Amino acid sequence: MKELNRKTAQVNTYPERVIQFGEGNFLRAFVDWIIYNMNEKADFNSSVVVVQPIEKGMVDMLNEQDNLYHVNLQGLDKGKVVNDLTLIDVISRSLNPYSQNEEFMKLADQPEMRFVISNTTEAGITFDPSCKLDDAPASSYPGKLTQLLYRRFKTFNGDKSKGLIIFPCELIFLNGHKLKETIYQYIELWGLGEEFKTWFEEACGVYATLVDRIVPGFPRKDIDAIKEKLQYNDNLVVQAEIFHLWVIEAPQEVAKEFPADKAGLNVLFVPSEAPYHERKVCLLNGPHTVLSPVAYLSGINIVREACEHPVVGKYIHKVMYDELMETLNLPKDELIKFADDVLERFNNPFVDHAVTSIMLNSFPKFETRDLPGLKTYLERKGELPQGLVLGLAAIITYYKGGVRADGAEIVPNDAPEIMNLLKELWATGDTEKVAQGVLAAKSIWGEDLNNIPGLTATVKADLDSIQEKGMLETVKAIL
């Protein structure tokens, strides 16, 4: 078996045009895989310099393999099972700015540099007022980026053609807006002047993005078989699902420079990211949140098994297509295509996604993912969505604890105040008090949900039915 490096593998070399803050599994299986496909199919002709955003990371491991690794895509593609391996050759080198700060700063001096992409976790886009311009480097990601931009501005004497296009991939809504605001805070804090501020505004673009791909990461249980198949000793294999979506809130001239569509990739350049964010939260996260307690209390442990179940599968379909989809404003055919993709993802034969892992903090999740849809559905249809209300009743029942019909212990997990509230309410033994008490909890909902017409009575009826007939019979009654 060969070591994996640029001597043993036949790979391409491209000009360095992308700076990537972050070396983790997600960026390598998503952004770098996309750039690989753009190089292969759309003549993007670009390589990536990886910058480790925190002091301790894995750039040494990447450099040991000459920044080569394989992506293992697994899942269903239009019903066909796929399990393939691709050698990704787009990373030219990886830097640790804490020990290679001058090399990091010199990236600003490379005339061909054009893009900055990041995923530094949700906490990465923060303003740290203790950062200084002469820190080597600044501790925060926006601080490092501002240092780099300022150096570029000075190196090229404010040349507008040397601006950078910046795509943050952190999982926060309107991440580009947040990053831009934070850079302005550093310009102000460090007194970098109006001329630089104007150059940043006019020559650079910071664009909000929405990313979507499940990346389980390093395939511990399959790695020996994968290495045997590859005949390479690759210690950086990263597994991911086939589905990918990157929505970028940017004008079409940016799309021309980043020709993902020419490579047949699911990368959309749109005027507003908001409806796509809403679609994802509504049609992916929303069904997850309610299918989990319904499935678990029906004796089902895995998301895929829930989708395949003759009763719970129909419940999931009802919630997605008949209820939540009716509350969104994108074209119907787009929504159906997205929902079909979501169901394929839920059915991925390579991923055993435990429903209990989704159950953590279910009430806050219902509040952000399902409650807006419940209200919109009521407004548009004049009646409550039965599936979503049953999902809420299932969460309330799950939080009662106890044991399932098959003897499995029910172990809810949430903030102590929510756990205590549910314990007190269930101790009354009165489902009306339970329904009223949960719906009245402003600490969860920010309002009293008893004011939603018919909701209290419907939740109570569902709670009674689950107690008396069990979850599956209750689901059957609404199908």
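Observations on the structure shown:
- Checklist (1) surrounded by fewer than 16 Cβ atoms within 10 Å (Cβ to Cβ); (2) in the same structural domain as M61 (by TED's automatic domain parsing); (3) within 16 Å of the chain's Cα centre (by Cα) applied to R220, failing item: (3)
- Counting only strands (runs of 3 or more DSSP E) that sit wholly inside region 1-108, those with at least 3 residues that are assigned by TED's automatic domain parsing to the domain that holds A255 and surrounded by fewer than 20 Cβ atoms within 10 Å (Cβ to Cβ) are 80-88.
- Test: residue in region 308-319 that is surrounded by fewer than 16 Cβ atoms within 10 Å (Cβ to Cβ), closer than 22 Å to L76 by Cα and basic (K, R): yes
- Only listed residue being modelled with pLDDT of 95 or more and under 21 Å from L27 (Cα atoms), chosen from I166, I187, I214: I166
- The listed residues are P412, P364, and the only one of them that is assigned to a loop (DSSP other than H, G, I, E, B) and either within 27 Å of T456 (Cα to Cα) or modelled with pLDDT of 90 or more (or both) turns out to be P412.
- Number of the condition not met by I226 [criteria: (1) in a loop (DSSP other than H, G, I, E, B); (2) under 30 Å from F350 (Cβ atoms); (3) of a type in the set (V, I, T)]: (1)
- Entirely in region 248-314, the helices (runs of 4 or more DSSP H) that have 2 or more residues that are charged (D, E, K, R) and under 29 Å from S357 (Cα atoms): 274-280, 303-308
- The set of residues in region 381-395 being of a type in the set (A, V, I, L, M, F, W, C) and either under 26 Å from the mean Cα position of the chain (by Cα) or not in a loop (DSSP other than H, G, I, E, B) (or both) consists of L388, V389, L390, L392, A393, A394, I395.
- Of residues in region 410-465 being basic (K, R) and over 18 Å from G391 (Cα atoms), the one surrounded by the most Cβ atoms within 10 Å (Cβ to Cβ): K433
- Hey, E305 buried (at least 16 other Cβ atoms within 10 Å of the Cβ) and acidic (D, E) or not: yes
- Taking each residue of region 227-241 that is on the phi > 0 side of the Ramachandran plot and looking for partners that are surrounded by 17 or more Cβ atoms within 10 Å (Cβ to Cβ) and not in a loop (DSSP other than H, G, I, E, B) with beta-carbon atoms closer than 9 Å, six or more apart or interchain, yields nothing.
The values are calculated or read from the model by the stated rules, or taken from the named source; none is laboratory data. Please read these numbers as outputs of a predicted model, since none were measured by experiment. When we count neighbours, we look across all protein chains shown, and the Cβ atoms used for this are built from the backbone with ideal geometry, even at glycine.
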